[in-house]
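**Student:** Below are the structure tokens for one structure; questions will follow.
The values are calculated or read from the model by the stated rules, or taken from the named source; none is laboratory data. On a predicted model such as this, the values are computed, not experimentally measured, just so you know. Cβ: placed from backbone, ideal geometry, glycine included. Neighbour counts: every protein chain shown. We work out accessible area using only protein heavy atoms, side chains counted, and drop any ligands, DNA or RNA first. Shrake-Rupley method; radii C 1.70, N 1.55, O 1.52, S 1.80 Å.
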Amino acid sequence: FCVTLSTYLSTLKFALLTWALTLVLGFALAYFLAFHVRSAGLQTLLFLLCTVPFWTSNVIRMVSWVPLLGRNGLVNQALQGAGLIREPLDWLLFSDFSVLLAFVHLYTMFMIVPIFNSMMRIDRSLLEAARDAGASAWQTLWSVVVPLSRTGILIGSIFIFTIVMGDFVTVGVMGGQQIASVGKMIQVQIAYLQFPLAAANAVVLLATVLLIVWGLTRVVDIRKEL
């Protein structure tokens, strides 16, 4: 029971950290595209550049980190060449860090798209009214942009939580088969023909994800906002 509980907590930890990082990155990129890029053509071009990683499979994108983060990878070689470290850093690959890095790399786009869509629907006259009323850039951001972007934030959050909670390929590849997650645990149980146990964990995982989604929808009434 303790092992199973720790596995669920580890999976939830990855989901929360991935959500926080993708939210910051996704919001910043969406804000830049929506409010700082004036040309519609340039907006489209930059948005398409964000989708370039999705033109290849997840496995290829994950494996591409191995020669960068390994003991003899480019990152360790660069740090050693700069004299910042004496020995290669072992925690860069096959660790919680590498798993989290892969999650952020793979799934940030799922946060950018809905937030960008919400920001494009904001009436620009509201921003001008806030500036005319004496609001600073940060006040305008927190009082106008963020509240009006909450639908996109909610949709992106649902995407991130549902994908990360059930992911087992990323954890297996980037964790070096050393890090446990609920999805990985279910996969192993199926491989060993432990179907009743795998089915039970699948139901618990589904209930957990639905509970998280329900909690998110309590914060924002997505049907009303859409």
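**Student:** For residue 128, all conditions in the list (1) of a type in the set (Asp, Glu); (2) within 27 Å of residue 67 (Cβ to Cβ); (3) at pLDDT below 90 hold save one; what is the number of the exception?
**Tutor:** (2)
**Student:** Let me ask another. Would you pick out the residues in region 47-71 that are among the charged types (D, E, K, R) and open to solvent by 40 Å² or more (accessible area, probe 1.4 Å)? Give the steps one after another, and end with the answer.
**Tutor:** Filtering region 47-71 for residues among the charged types (D, E, K, R) gives 61, 71.
Of everything in region 47-71, just one residue is among the charged types (D, E, K, R) and open to solvent by 40 Å² or more (accessible area, probe 1.4 Å), namely 71.
**Student:** Could you please tell me which pairs satisfy a Cβ distance under 9 Å, a separation of 6+ or placement on different chains, a first residue in region 48-60 that is assigned to a helix (DSSP H, G or I), and a second residue that is open to solvent by 70 Å² or more (accessible area, probe 1.4 Å)?
**Tutor:** Cβ pairs passing all conditions: 50/29.
**Student:** Restrict the check to region 85-104 and report whether at least one residue is within 30 Å of residue 138 (Cβ to Cβ) and β-branched (Val, Ile, Thr).
**Tutor:** yes
**Student:** Within the bounds of region 6-20, is there any residue that is part of a helix (DSSP H, G or I), within 14 Å of residue 117 (Cα to Cα), touching a residue at least 60 places away in the same chain (Cβ under 8 Å) and open to solvent by less than 50 Å² (accessible area, probe 1.4 Å)?
**Tutor:** Within region 6-20 (the criterion being part of a helix (DSSP H, G or I), within 14 Å of residue 117 (Cα to Cα), touching a residue at least 60 places away in the same chain (Cβ under 8 Å) and open to solvent by less than 50 Å² (accessible area, probe 1.4 Å)), the answer is no, since none of the residues qualifies.
**Student:** So, residue 35, is that one over 23 Å from residue 97 (Cβ atoms) and surrounded by 13 or more Cβ atoms within 10 Å (Cβ to Cβ) or not? Full working, then the answer.
**Tutor:** Numbers: over 23 Å from residue 97 (Cβ atoms): yes; surrounded by 13 or more Cβ atoms within 10 Å (Cβ to Cβ): yes.
Here the answer is yes, as residue 35 does meet what is asked.
**Student:** Residue check, residue 115 against (1) assigned to a helix (DSSP H, G or I); (2) within 30 Å of residue 2 (Cβ to Cβ), all met but one. Which one?
**Tutor:** (2)
**Student:** Among 190, 160, 155, which is the only one that is open to solvent by 70 Å² or more (accessible area, probe 1.4 Å), assigned to a helix (DSSP H, G or I) and touching a helix residue (DSSP H, G or I) at 6+ places or on another chain (Cβ under 6 Å)?
**Tutor:** Checking each option against the conditions leaves just 190.
**Student:** Of the residues that make up region 131-139, is at least one part of a helix (DSSP H, G or I) and open to solvent by less than 60 Å² (accessible area, probe 1.4 Å)?
**Tutor:** No, region 131-139 contains no residue that is part of a helix (DSSP H, G or I) and open to solvent by less than 60 Å² (accessible area, probe 1.4 Å).
**Student:** For region 39-46, state whether one or more residues are without any contact (Cβ under 8 Å) to a residue 40 or more places away in the chain, open to solvent by less than 80 Å² (accessible area, probe 1.4 Å) and within 30 Å of residue 181 (Cβ to Cβ).
**Tutor:** Checking region 39-46: not a single residue is without any contact (Cβ under 8 Å) to a residue 40 or more places away in the chain, open to solvent by less than 80 Å² (accessible area, probe 1.4 Å) and within 30 Å of residue 181 (Cβ to Cβ).
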